[in-house]
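The values are calculated or read from the model by the stated rules, or taken from the named source; none is laboratory data. For clarity, every value in this text was computed on a predicted model and none was experimentally measured. Neighbour counts are summed over all protein chains in view; Cβ atoms, including those assigned to glycine, are modelled from backbone coordinates with ideal geometry. Please note that ligands, DNA and RNA were not included when accessible areas were found on the heavy atoms of the full protein model with its side chains. Shrake-Rupley method; radii C 1.70, N 1.55, O 1.52, S 1.80 Å.
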Amino acid sequence: MRSRLLLSAFALTTAAAVWVAGTTDSVAATGFGPLPPQNPATAPNGNAGMHGDSASSDTTPYPGPGTGAVNWSRTALASACPTVTVGRDGYPVALCTTIFGQTPTVHLLNPANGADLASLELPKGALFGGVYAYLDQNDALVAVDGNDNLLRIGHHRTDGSWKLTVDQSTSLAGAIPSGDNVVGLSPGWDGKVWFATGGGVIGTADTATGAVRTLATGEGVANSISTVPGHTAVATDHALYLLGQAADGTPVVQWRAAYDRGPGRKPGQLSWGTGATPSFFGPGDGTEYVTLTDNAAQHENLLVYRVDGGPAPVCSVPVLTKWAASGTEDAVIASGRSVFVTNTYGYPYPALPEGAPASVPSSASYQGGLARVDLDGSGVGCSTVWESDVKSAALPRLSVGDGKIYTVTVSGPTDSVGAQTFASYAHAVIDPATGARLAGSTFGIGLLYNPLQMTGTTAPDGTLYQGTETGVLRIARK
């Protein structure tokens with residue numbers, strides 16, 4: 001059995017490698033890219049985590065379902081599923097949070113039809129602890145449970161059935177203050193795992209030795225973190241940090257850039273401060289720049305920094321100014337010289353994290369919107385290329401394999417959670433050159449299909465897995 005599994009894994013890995021190699025020409029042809037460097041500690045780029053890769057570019061090398069007709073199905077899990085990953089073996093692994101009890105639960109899905117093959121509940125911690133995770137190079141899901149254990153969760157087939165098991169556990173408890181929880185995770189290039197807590201502790205964990213080293217910022221963190229060779233980016237509720245590490249693994253601040261956090265949490269965001277995970281990108285090797293949105297009133301700014309240039313931004317431009325106000329709870333898409341920003345201002349969430357402050361203003365209608373901003377040729381300025389009326393209910397993802405943006409749009413009433421019961425959700429394909437909608441397919445009406453501003457993941461065969469408020473949608477070409 002073991003030898004057959006190894007041969008099967010080898011065959012699938014080889015097929016995936018051929019697929020990636022086959023997208024090289026189309027990546028160049030689309031005008032976007034390059035992809036960020038492949039982190040040796042993760043599954044292939046595009047499928048490794050919520051934002052596709054450890055750089056959080058929200059791109060994928062794989063062509064999506066395209067503009068033709070699609071087949072779709074829904075896997076009901078009674079859970080919101082923000083992170084769907086796909087390993088080298090082709091099996092989707094999702095980290096979900098149950099609707100009742102908010103228990104983090106890992107699900108293994110059947111790539112043929114999306115059916116739930118196995119599940120594993122984890123000890124409950126903070127809401128964000130059940131959100132951010134990544135798939136490592138061996139197809140194990142790396143996550144932190146509510147007891148502050150850094151876990152590697154593998155999926156194994158025995159006697160014809162699948163089982164999810166904790167294959168490795170490293171305690172972080174001694175490094176995390178009481179009442180605090182891990183929010184973001186991302187692997188470094190040296191095998192250590194970087195993490196950040198809601199209370200602003202940033203650390204590295206060596207799972208081979210159990211050594212954990214930390215740095216306290218004294219600022220809150222509500223989003224995930226990003227890594228490229230030699231650098232880790234963490235956004236607190238006050239500033240963007242770029243970090244490296246000392247010889248023993250202790251995080252070291254390379255630079256800190258404060259941003260405008262605004263007068264309070266905007267409606268349509270889950271925390272006060274930036275709603276975005278920082279993203280690395282660039283036209284050279286995909287790591288020259290790091291970008292973030294701030295929380296300025298009335299319109300947020302897109303901020304772009306040179307990684308090796310220090311805390312002064314090379315670009316600061318108001319975005320989504322077509323609308324009366326803008327803000328986002330989504331990471332941006334960042335590829336080549338282009339950054340795409342989604343407007344979630346006014347988007348109603350069914351629940352907020354514990355301790356979230358009241359929004360300023362107290363309410364707002366959800367207008368949607370998507371914008372593209374390009375760096376100029378010199379890399380020291382930027383300008384808005386277009387602003388589109390696309391009303392995205394999901395975090396979009398750019399395929400550099402086929403040059404299209406994939407998302408889920410919403411129409412109908414969205415001003416409150418109750419009104420969303422009558423909203424209509426549709427798979428949508430967007431032209432990144434113009435912001436125009438190229439194609440779409442309606443799924444249905446109501447909360448079953450609400451993607452809650454979560455992002456979809458495209459498998460190497462072009463199948464798109466989109467987490468929703470109650471499970472996972474599987475969208476494939478007909």
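Stretch Asp248-Ser119 to full length: gain in nm at 0.36 nm per residue minus the Cα-Cα span? Provide the component values of the computation, followed by the final result.
Numbers: separation 129, 0.36 × 129 = 46.44 nm, distance 3.66 nm.
Computed gain between Asp248 and Ser119 is 42.8 nm.
Per residue, how many Å² of accessible area does the chain show with a 1.4 Å probe? Don't jump to the answer; show the numbers that get you there.
On the way: 16420 Å² over 478 residues.
So the chain comes to 34 Å² accessible per residue, rounded to a whole number.
Ordering 292-298, 411-417 by mean Cβ neighbour count within 10 Å, with the highest value first, yields 292-298, 411-417.
Dividing the summed -39500 (n - 2.57) terms of all DSSP H runs of n ≥ 4 by the residue count of the chain sets its mean residue ellipticity at 222 nm at -2000 deg cm²/dmol. The overall shape of the stretch 201-293 is oblate: from the C-alpha gyration tensor, with semi-axes ordered a ≥ b ≥ c, the ratio a/c is 1.5 or greater and a/b is no larger than b/c.
Mind running the shape call on the stretch 101-156? Use the C-alpha gyration tensor, a ≥ b ≥ c as the square roots of the eigenvalues: rounded below 1.5 for a/c, prolate if a/b tops b/c, oblate otherwise. Present the calculation step by step, with values, prior to reporting the outcome.
Numbers: a/c = 2.27, a/b = 1.44, b/c = 1.57.
Cα axes put the stretch 101-156 in the oblate bin.
For the stretch 130-231, the pair-distance distribution built from all alpha carbon pairs, in bins 5 Å wide starting at 0, is 2, 13, 24, 25, 18, 9, 5, 3, 1, 0, 0 percent.
Is the stretch 346-465 best put as rounded, prolate or oblate by its Cα gyration tensor, with a ≥ b ≥ c the root eigenvalues, rounded for a/c under 1.5, and otherwise prolate when a/b is larger than b/c, oblate when not? Working shown, then result.
On the way: a/c = 1.92, a/b = 1.27, b/c = 1.51.
Oblate is the answer for the stretch 346-465, as a/c is 1.5 or above yet b/c matches or exceeds a/b.
At R0 = 51 Å, how high is the FRET efficiency between Ser416 and Ala173 if r is their beta carbon distance? Nearest 0.05 is fine.
Working: r = 40 Å, r/R0 = 0.78.
After rounding, the FRET efficiency stands at 0.80.
Show me 349-358, 260-269 ranked by packing, highest mean number of other Cβ atoms within 10 Å first. Numbers along the way, then the final one.
Values: 349-358: 12.9, 260-269: 20.9.
Peptide ranking by packing, descending: 260-269, 349-358.
Please compare each pair in Lys124/Lys192; Lys124/Lys404; Lys192/Lys391 to a cut-off of 30 Å on the Cα-Cα distance and tell me which ones are over it. Each step should come with its number before you reach the end.
Working: Lys124/Lys192 24 Å; Lys124/Lys404 37 Å; Lys192/Lys391 39 Å.
From Lys124/Lys192; Lys124/Lys404; Lys192/Lys391, over 30 Å: Lys124/Lys404; Lys192/Lys391.
For a straight C-alpha distance cut-off of 14 angstrom, the aspartates and glutamates reachable from Lys266 (same-chain residues fewer than eight places away being disregarded) are Asp237, Asp294, Glu300, Glu329, Asp330. The slack between Phe100 and Ala436, meaning 0.36 nm per residue of separation minus the straight C-alpha distance, is 117.1 nm. The alpha carbon convex hull volume per residue for the stretch 66-204 rounds to 137 Å³.
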